[in-house]
Amino acid sequence: MPYITTNDRVRIYYKEKGSGRALLLLPGWTCSTRFWDKNFDALADHFHVIAMDMRAHGESEKVMHSHRISRYAMDVKNLLDELGLEDVTVLGWSMGASVLWSYLELFGRHRVSGLICVDQSPAQYTGPDWKWGQKSCYDAEMFVRTCCQVQYDPRGASEGLVSACSLGERTADEIKILADEIDKCPPYCRIEIMRDHTNLDWRDFIPTIRIPTLVCVARQSAVFDWHGSAWVGENIPGAQIVFFENAGHMLFWEEPEKFNEVVTEFVENHPSD
């Protein structure tokens, strides 16, 4: 399996297929490249598609340190640099979008020409000035409860996450495949990256983004109120917003043909850096 080694000597798994303009896919919290099973090959018919597992996720090395959004952003930079990619459209789902916001904050448009954000609110926690946070982990108390479930019932937490990300019932095979992938991320690592992720608020940075952007919003998401995800597109100058009316948080899994079509059109048509 292909790996790169980061500047702090962590082995990061990635896979790639296709040719043409580069498209990088980043999954969400605890998830892996397998979550793109309905998209990877279809998109690779048009582009050079790369998908990576974040550290301790999927097939990447199970290190117990540096589980922070900014470090994950550096891992993305290490991958793009190692592969020598240019004019890359970067696509992040859920926490993957936050990793890409961190990347742009730290490294600007280095090797990147387009951004796709998939169903992620700019702030996880709710408060007097923000009511569209993460529906099941919306304050410090709910974070503690999330940690308890991950620590003492990791399989239940994995299956629960699959259900929360879905609109309607998943088949038993789908639940097993996806939960097995989540289980590859050790409970300690799940908790540590969520600790960082939940405390970040990107509302000050997002309006400063100056890069062609597509925002995909799941109208029926059980993870985020759609208003929060749409806020991202409304506050990036010139961003395009596409609503998936009949999908939950995993909109790319539930409406794959529409998702693949929308992504393909955006990647083909946005200007190069």
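Tabulated values for the structure
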item: All positions within the stretch 78-91 that are more than 14 Å from ASP53 (Cβ to Cβ) and touching a residue at least 12 places away in the same chain (Cβ under 8 Å); result: LEU80, ASP81, GLU82, LEU83, LEU85, GLU86, ASP87, VAL88, THR89, VAL90, LEU91
item: Selection from the stretch 98-122 of residues that are under 14 Å from ASP201 (Cβ atoms) and open to solvent by less than 20 Å² (accessible area, probe 1.4 Å); result: SER98, TRP101, SER102, GLN120, SER121, PRO122
item: Evaluation of ARG71 against (1) outside any loop (DSSP other than H, G, I, E, B); (2) touching a Cys at 6+ places or on another chain (Cβ under 9 Å); (3) of a type in the set (Lys, Arg) (one fails), failing number; result: (2)
item: Test set (1) assigned to a strand (DSSP E or B); (2) out of contact with any helix residue (DSSP H, G or I) (no Cβ under 6 Å at 6 or more places or on another chain) - GLN220 fails condition number; result: (1)
item: Test for LEU79: is it under 16 Å from VAL118 (Cβ atoms) and either in contact with a Phe, Trp or Tyr (Cβ under 8 Å, 6 or more places away or on another chain) or not in a loop (DSSP other than H, G, I, E, B) (or both); result: no
item: Boolean, TYR125 is assigned to a loop (DSSP other than H, G, I, E, B), open to solvent by 10 Å² or more (accessible area, probe 1.4 Å) and free of Cβ contacts under 8 Å to residues at least 40 places away in the same chain; result: no
item: ASP75 among the charged types (D, E, K, R), touching a residue at least 12 places away in the same chain (Cβ under 8 Å), touching a Leu at 6+ places or on another chain (Cβ under 9 Å) and open to solvent by less than 10 Å² (accessible area, probe 1.4 Å); result: no
item: Verdict on THR171 being farther than 19 Å from MET142 by Cβ, more than 15 Å from the chain's Cα centre (by Cα), at pLDDT 95 or above and polar (S, T, N, Q); result: no
item: Selection from the stretch 1-51 of residues that are open to solvent by less than 10 Å² (accessible area, probe 1.4 Å), part of a strand (DSSP E or B) and touching a helix residue (DSSP H, G or I) at 6+ places or on another chain (Cβ under 6 Å); result: ILE4, ILE12, LEU23, LEU25, LEU26, VAL49, ALA51
item: Residue match in the stretch 243-251 (condition: over 17 Å from the mean Cα position of the chain (by Cα), crowded, with 21+ Cβ neighbours inside 10 Å and either in a helix (DSSP H, G or I) or in contact (Cβ under 8 Å) with a residue 40 or more places away in the chain (or both)); result: no
item: Answer residue from the stretch 186-216, given it is of a type in the set (Lys, Arg) and in a helix (DSSP H, G or I) and is farthest from TRP130 (Cα to Cα) among those; result: ARG190
item: Subset tally (residues that are out of contact with any strand residue (DSSP E or B) (no Cβ under 8 Å at 6 or more places or on another chain) and crowded, with 24+ Cβ neighbours inside 10 Å) for the stretch 78-94; result: 0
item: HIS46 under 27 Å from ARG195 (Cα atoms), in contact (Cβ under 8 Å) with a residue 60 or more places away in the chain and either of a type in the set (Val, Ile, Thr) or out of contact with any strand residue (DSSP E or B) (no Cβ under 7 Å at 6 or more places or on another chain) (or both); result: no
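The values are calculated or read from the model by the stated rules, or taken from the named source; none is laboratory data. These numbers were taken from a predicted model, which means no experiment stands behind them. Cβ: placed from backbone, ideal geometry, glycine included. Neighbour counts: every protein chain shown. These accessible areas exclude ligands, DNA and RNA; they are computed on the full protein's heavy atoms, side chains included. Shrake-Rupley method; radii C 1.70, N 1.55, O 1.52, S 1.80 Å.
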